[in-house]
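Report on the structure given below.
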Amino acid sequence: MRKSKSLLCVVSLAAVLLSGCGSSKEALLVSDIDDAVEAVGKVLGKTPEFYEINATPTLVNLFAADGKGNAINFVYEKGKLAQETSVAPAQGKSFSAKGMKLSSKVFARVHQELPVSILRAFSVIGDNPVGGVQYRVVLQSEQGGQLAVFVDPTGKILGTDVMSGLGA
């Protein structure tokens, strides 16, 4: 009887530990960006230009250019676009996401360097001061401060910027 209880405890503990190990869930939904871009293209009926695309732990936000100086906000969540969108005046430059292939490797180095920080968002922004797009990983400390880490498409860290005034 004692052996059975010990074996049951070991099996239960192993199941709990292993359930946390093999998860393929991304911290940020970067791998959903390609599908989200494709879904927006279908809605717009053309290859879209974007002002910004960002991936969070739960969804992808896409700000598509309407050709009239406005950004149309699309939300891609759980494999589909939300029905409701909003339109607002846009600033900055737009970019094409055609051929852009991103994976979680783009934020892996940042997460490795700052493992106790919380990954909040990964963004692709069309308004890079040196031209092209800018890739940004936003992290939050346990105290609530946020830091933007600029990376290249491979995840190489290029620089940082403290984000003031933002909380949890």
So which of 120, 109 is modelled with pLDDT of 90 or more, among the basic types (Lys, Arg) and either under 19 Å from residue 154 (Cβ atoms) or in a strand (DSSP E or B) (or both)?
120
Members of region 29-47 found to be closer than 18 Å to residue 83 by Cα and without any contact (Cβ under 8 Å) to a residue 60 or more places away in the chain, listed by number:
32, 35, 36, 38, 39, 40, 41, 42, 43, 44, 45
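Residue-by-condition table, conditions (1) among the hydroxyl-bearing types (Ser, Thr, Tyr); (2) modelled with pLDDT under 90:
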position	(1), (2)
33	no, no
56	yes, no
61	no, no
85	yes, yes
Residue count, region 82-103 (criterion: surrounded by fewer than 18 Cβ atoms within 10 Å (Cβ to Cβ) and either in contact (Cβ under 8 Å) with a residue 12 or more places away in the chain or in a helix (DSSP H, G or I) (or both)):
13
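In region 50-61, what residues are without any contact (Cβ under 8 Å) to a residue 60 or more places away in the chain and either surrounded by 13 or more Cβ atoms within 10 Å (Cβ to Cβ) or not in a loop (DSSP other than H, G, I, E, B) (or both)?
59, 60, 61, listed by residue number.
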I need a count of the residues in region 124-144 that are assigned to a strand (DSSP E or B), surrounded by 20 or more Cβ atoms within 10 Å (Cβ to Cβ) and in contact with an Asp or Glu (Cβ under 8 Å, 6 or more places away or on another chain).
3
Picking from 53, 125, which residue would you name as being in contact with a helix residue (DSSP H, G or I) (Cβ under 7 Å, 6 or more places away or on another chain) and hydrophobic (A, V, I, L, M, F, W, C)?
53
Selection status of residue 25, assigned to a loop (DSSP other than H, G, I, E, B), out of contact with any Ser or Thr (no Cβ under 7 Å at 6 or more places or on another chain), modelled with pLDDT under 90 and not aromatic (Phe, Trp, Tyr):
yes
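The values are calculated or read from the model by the stated rules, or taken from the named source; none is laboratory data. Being a predicted model, the structure only gives us computed values, none of them experimental. Cβ sites come from the backbone with ideal geometry, for glycine too, and all protein chains shown count toward neighbours.
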